[in-house]
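The structure appears below as structure tokens.
Bear in mind these aren't lab numbers, they're just calculated from the coordinates by the rules spelled out. Predicted model, so just to flag it, every value in this text is computed and none were measured. Please note: Cβ atoms are built from the backbone with ideal geometry, for glycine as well, and neighbour counts cover all protein chains shown.
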Amino acid sequence: MKRSIVSLLAVLLLGSPLCSQTLEDVLALNYQGRGGLERLKSLTGWQLTGKIVVPAQELDMPVTIWQQHPDRMRVESIFQGKKIIQASDGRVAWWIMPFLSVAAQEMPAEQGRLFREQADFANPLVVYKERGYALELLGKEDLDGKPAFRLKLARDNGREIVIFLDAGSGVELKSALRIQIGENNALVEILYGDYRPVSGFMMPFAIENRLDGQVQMRMTFETIEINPVLDAAFFAIPAKKEAPAAGGK
């Protein structure tokens with residue numbers, strides 16, 4: 001009986017720090033850790049320059065990523081000396097794959113949908129209320145040796161994302177979601193690390209993508225530029241060049 005009471009007290013005492021934390025407390029910690037809520041709201045874009053490593057294929061490629069509010073993105077990489085471009089202006093997702101065609105082409109429907117979804121620049125932890133997303137604090141747990149808050153975000157498209165925030169600094173450590181790939185329900189995880197200050201923001205200089213626990217890709221950045229000035233046309237699919245008329249006219 002005495003042992004049961006001691007065990008119960010231990011559980012209550014260990015649980016009390018978690019019980020004292022509310023969703024608002026955890027979000028405030030995240031905002032502060034990333035640079036402050038007002039500064040986060042002022043973020044309109046960035047340019048990330050670094051490299052991509054794909055371990056399974058032993059690929060190591062330079063990459064530059066541009067994103068601009070609200071939903072524009074452009075990714076340029078070099079493979080075997082040829083430039084690959086993937087981009088979306090918010091409406092049309094397109095690419096230039098020089099090994100297939102030198103002309104810009106719209107992405108296939110499913111790939112285009114996923115790319116446009118990735119191009120959404122809004123931070124869901126900042127805009128969840130105005131977007132109508134449901135957000136809840138699930139608890140606190142150990143994540144690879146670090147205490148972390150675990151949140152669940154339910155988007156309006158029905159997709160649920162679990163987000164892990166460092167309990168000390170508030171920055172994002174990992175996000176996880178399940179997606180359907182063929183007949184398989186796969187777990188996609190994105191891990192964030194090597195945070196450094198950039199123009200008043202804390203930015204991750206290392207990102208790792210995993211699929212069902214296997215590393216698919218690692219990105220490391222050398223430079224990050226905040227709010228670069230970019231023309232909307234930079235993200236739009238290039239106009240098709242008309243073929244010259246017969247006889248050169």
Counting only DSSP loop positions in region 78-170, the chymotrypsin sites (Phe, Trp or Tyr not before Pro) whose Cβ has at most 14 other Cβ atoms within 10 Å are F99
Mind sorting D120, D142, D212 by how few other Cβ atoms lie within 10 Å of their own Cβ, fewest first? D142, D212, D120
Check: C-alpha center region 28-65 vs C-alpha center region 81-112, spacing in Å is 22 Å
Taking θ = phi - 60°, what integer Hz values does the Karplus form 6.51 cos²θ - 1.76 cosθ + 1.60 yield along region 113-118, in sequence order, with x for Gly and Pro? 4, 5, 5, 5, 5, 5
Against the globular-protein guess of 2.2 N^0.38 Å, express the Cα radius of gyration of the chain as a ratio, rounded to two decimals. 1.22
Could you give the length gained on full extension between E106 and N123, defined as 0.36 nm per residue of separation minus the Cα-Cα distance, in nm? 3.5 nm
List K82, K174 from most exposed to least, where exposure is judged by having the fewest other Cβ atoms within 10 Å. K82, K174
Footprinting exposure proxy for T223, T49 (fewest neighbouring C-beta atoms within 10 Å first): T223, T49
Gain upon complete extension [Q57, I179; 0.36 nm per residue less C-alpha separation]: 41.6 nm
Roughly what would the spin-label model give for F79 and E24, points 7 Å off Cα along C-beta, in nm? 4.9 nm
Return the sequence-ordered ³J(HN,Hα) values of region 133-139 in whole Hz as given by the Karplus equation 6.51 cos²θ - 1.76 cosθ + 1.60 applied to θ = phi - 60°, using x for Gly and Pro. 7, 8, 9, 9, 8, 8, x
Given K41/K82; K83/K152; K41/K240; K41/K174; K51/K174; K82/K240, which pairs have Cα atoms separated by over 31 Å? K41/K82; K83/K152; K41/K240
